[in-house]
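Undergrad: The structure's right below; bear with me while I get my questions together.
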Amino acid sequence: MSALNIPNGTVRPSLFEMAAGRLQALCDALEFPESKPVVDLFHRLLVPWGDRPLAEGPQWPSNVGDDHTPVEFSLALGSAPELRVMVEPLGETPSLQSNAAASMALLESLSPAFDVDMTRLRRVKDLFMPRSPEGTFAAWVAAEFSPSRSPKFKVYLNPYAQGRALAPGLIEEALVRLGFTMAWPYVAQILSRRGPDLDELMYFSLDVSHSSESRLKVYARHRRCTVADLEAAASGSPTHRAGDVARFLGTVAPNVNMFQGRAPFNCYAFAGGSDRPMAVTTHFPINGYAANDRLVRDRVVAYLRVAGIPEGPYERALASFANRPLESGIGLQSYVSFRRHHGQPRLTVYLPVEAYRPGKVATPPNTLRPSGVVEISKKFEEAAITDDPYLRRVRREAANLDGFGLILANYEVWRDVSMRLVTVAAERVADEAPRRILAVRALELLAEPVGASALLGDLDDVERVRRLVPIRRFETRLAAFLASASPYEAIGALIARDV
């Protein structure tokens with residue numbers, strides 16, 4: 001372990017030796033009573049790929065670090081500090097398939113000595129580790145260290161493993177397989193409420209332990225979002241308190257209301273068989289909104305004071321971890337995250353190892369514009385409608401004629417609405433060609449079969465009206481839009497409706 005004593009600035013021969021020195025410094029700053037078991041376990045997480053010479057450069061374009069370093073540390077601050085390590089295990093010849101196999105083998109190797117239970121991971125392995133995987137990673141493995149307990153482990157999985165279009169279906173299926181049969185509505189309607197172009201489902205993680213309170217987490221990246229958007233996305237958890245997210249962001253990102261650069265995340269944690277998320281965490285990419293690490297440090301300290309969290313452990317850890325002056329650039333701290341733990345604020349600071357390109361901050365991905373009619377149509381062509389999470393659920397559950405009747409009844413009402421809307425638009429369009437198109441569509445609507453009302457025949461008038469409130473409300477709003485919009489906007493709305 002002589003590499004642990006190599007001075008800062010000296011070229012270290014391997015990724016492990018370089019990173020282990022900084023891990024040792026963090027353990028010392030946090031006054032861990034024993035650091036050797038932490039460093040030894042860290043070595044196990046990196047064997048054998050972490051022993052390659054740094055001079056060879058990154059083997060794999062890992063997204064764990066902005067400079068492709070497949071290792072990151074983080075510091076959780078609250079009643080007692082915790083130190084965390086995340087790695088992307090690499091195969092002998094790195095690829096999505098070999099990296100997935102390396103991750104599984106690593107966790108299997110840890111199970112005899114530590115609390116590692118692979119049962120839940122095996123239950124969803126075929127979803128996230130298919131034979132022909134897609135995406136930018138297969139799995140990341142994380143370890144949590146605390147002086148008061150044994151290490152805990154977690155695995156992060158890629159919802160895009162079977163393609164972007166199937167990500168929602170994969171997450172819904174995984175939730176159901178793991179016993180959270182009705183959790184999906186919280187993810188779909190709150191966490192990712194603005195749709196897949198703006199609220200992207202990015203990660204799915206599992207605690208791999210025997211505890212009945214082991215968590216699973218779903219992460220959404222919120223593109224082009226406001227503070228209000230992030231607050232709303234966090235509201236699905238009972239631990240959320242109104243104003244928490246705004247207070248956090250107002251301190252770590254002052255005077256920013258629209259996040260146009262690197263996108264923040266929200267994460268829902270589920271545990272104990274409850275379909276409602278037990279906790280929510282807001283992750284903010286602070287290195288994309290600060291000029292240097294000194295400014296990041298000042299903002300983190302300011303929030304720790306607001307939250308009543310002791311700042312000493314953070315300041316000592318950062319001072320020991322930094323290998324250059326904080327004001328000289330950005331990159332020593334990538335994200336900060338906020339959540340409530342047992343009602344108390346908890347802040348986590350993420351510390352990139354920067355083995356290859358210190359000071360590198362990844363360029364934000366291109367901002368997606370909301371899908372137009374053409375893009376929506378293409379999505380239906382590229383992905384089978386039966387992969388939609390709702391239809392997966394319909395296929396999985398016993399037949400529910402009452403629910404199916406409601407769907408058909410709404411469609412029948414909408415068919416009538418569509419006829420009237422086509423008429424409204426046609427009366428306001430002067431050009432002959434669009435009028436002919438609308439006339440053809442009207443004839444097609446008249447030819448479509450009806451009959452859903454029979455499935456609602458046993459309902460009394462009050463219940464029938466109640467069930468059709470949403471479609472009637474939508475009819476009123478859309479009719480008002482068509483009456484005031486230009487004829488061609490009206491046609492666009494009708495096309496969108498048909499899609």
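Undergrad: Charges only on Cβ, +1 for Lys and Arg, -1 for Asp and Glu: so what's the dipole of the stretch 12-78 about the Cα centre, in debye to the nearest 20?
TA: 120
Undergrad: FRET efficiency for THR181 and PHE481, Cβ-Cβ distance as r, R0 = 35 Å, nearest 0.05?
TA: Between THR181 and PHE481 the formula returns 0.40.
Undergrad: Using a probe of 1.4 angstrom, how much of the accessible area of the stretch 15-96 is carbon and sulfur, in percent?
TA: Within the stretch 15-96, the accessible surface is 52 percent carbon and sulfur.
Undergrad: Continuing with this model, one more query. Of the peptides 227-235, 93-101, how do they stack up when ordered by the mean number of other Cβ atoms within 10 Å, highest first?
TA: So the order, starting with the most tightly packed, is 227-235, 93-101.
Undergrad: Something else: Which three semi-axes in whole Å describe the equivalent ellipsoid of the stretch 259-309, each the square root of 5 times a Cα gyration tensor eigenvalue, listed largest first?
TA: After diagonalising the Cα gyration tensor, the semi-axes are 28, 16, 6 Å.
Undergrad: Taking a threshold of 31 Å on the Cα-Cα distance, which of the pairs LYS125/LYS360; LYS154/LYS360; LYS36/LYS154 fall above it?
TA: LYS125/LYS360
Undergrad: Please state the charge dipole magnitude for the chain, taken about the Cα centre, from unit charges on C-beta atoms (+1 on K and R, -1 on D and E), reported in debye and rounded to the nearest 20.
TA: On the way: 58 positive and 57 negative charges, 124 e Å.
In total the dipole reaches around 600 debye.
Undergrad: Taking the simple approach of a point 7 Å from Cα along Cα-to-Cβ for both ARG123 and PHE404, what is their distance in nm?
TA: Simple spin-label model gives 2.9 nm for this pair.
Undergrad: Among the aspartates and glutamates, which have Cα under 13 Å from the Cα of LYS152 when same-chain residues fewer than 8 positions away are ignored?
TA: GLU82, ASP115, ASP117, GLU144, ASP207, GLU213
Undergrad: OK, next. State the Cα centre-to-centre distance between the stretch 147-191 and the stretch 87-125 in whole Å.
TA: 17
Undergrad: Can you list which of the DSSP-assigned H helices in the chain have a Cα extent of 18 Å or more along the long axis and an average Kyte-Doolittle score of at least 1.6? Can you show the working numbers first?
TA: On the way: long enough: 15-29 (21 Å, 0.69); 96-110 (21 Å, 0.76); 293-307 (21 Å, 0.11); 401-428 (40 Å, 0.40); 432-447 (23 Å, 0.56); 469-484 (23 Å, 0.45).
Qualifying helices, which must be both long enough and hydrophobic enough, do not occur.
Undergrad: Could you state the accessible area per residue of the chain in Å², with a 1.4 Å probe and every protein chain left in place?
TA: 46
Undergrad: Kindly identify the stretch 51-147 as rounded, prolate or oblate by the Cα gyration tensor criterion: order the square roots of the eigenvalues as a ≥ b ≥ c, call it rounded if a/c is under 1.5, otherwise compare a/b with b/c, prolate if a/b is larger, else oblate.
TA: Oblate.
Undergrad: Looking at the square roots a ≥ b ≥ c of the eigenvalues of the Cα gyration tensor of the stretch 70-123, which shape do they give, rounded for a/c under 1.5, prolate if a/b is larger than b/c, or oblate? Please report the intermediate quantities before stating the final value.
TA: Values: a/c = 2.64, a/b = 1.46, b/c = 1.81.
It comes out oblate by the Cα gyration axes.
Undergrad: Zone of SER274 (label point 7 Å along Cα→Cβ, backbone N under 14 Å): which residues in the stretch 230-254?
TA: In the stretch 230-254, the label zone of SER274 (backbone N under 14 Å from the point 7 Å along Cα→Cβ) covers 236-241.
Undergrad: If you don't mind, there's one more thing I want to ask. Shape of the chain from its Cα gyration tensor (a ≥ b ≥ c, root eigenvalues): rounded if a/c is under 1.5, otherwise prolate when a/b > b/c, or oblate?
TA: Numbers: a/c = 2.21, a/b = 1.98, b/c = 1.12.
Since a/c reaches 1.5 and a/b is larger than b/c, the shape of the chain is classed as prolate.
Undergrad: Report, in whole Å, the centroid distance computed from the Cα atoms of the stretch 22-62 and the stretch 301-369.
TA: A separation of 19 Å, based on Cα centres.
Undergrad: Dipole size in debye (nearest 20) for the stretch 157-209 around its Cα centre, Lys and Arg Cβ +1, Asp and Glu Cβ -1?
TA: Working: 4 positive and 6 negative charges, 12 e Å.
Here the size comes out at about 60 debye.
Undergrad: Let me ask you something else. For the stretch 207-288, what does the convex hull of the Cα positions come to per residue, in cubic angstrom? Walk me through the numbers before you get to the answer.
TA: Numbers: hull volume 7.8 nm³, N = 82.
Given the Cα convex hull of the stretch 207-288, per-residue volume reads 95 Å³.
Undergrad: Moving to a separate point now. Ranked highest first by the average count of other Cβ atoms within 10 Å around their residues, in what order do 139-145, 46-52 fall?
TA: Descending packing order for the listed peptides: 139-145, 46-52.
The values are calculated or read from the model by the stated rules, or taken from the named source; none is laboratory data. For clarity, every value in this text was computed on a predicted model and none was experimentally measured. We place every Cβ from the backbone using ideal geometry, glycine too, and count neighbours over all the protein chains shown. With ligands, DNA and RNA removed, areas are computed over all heavy atoms of the protein, side chains included. Shrake-Rupley method; radii C 1.70, N 1.55, O 1.52, S 1.80 Å.
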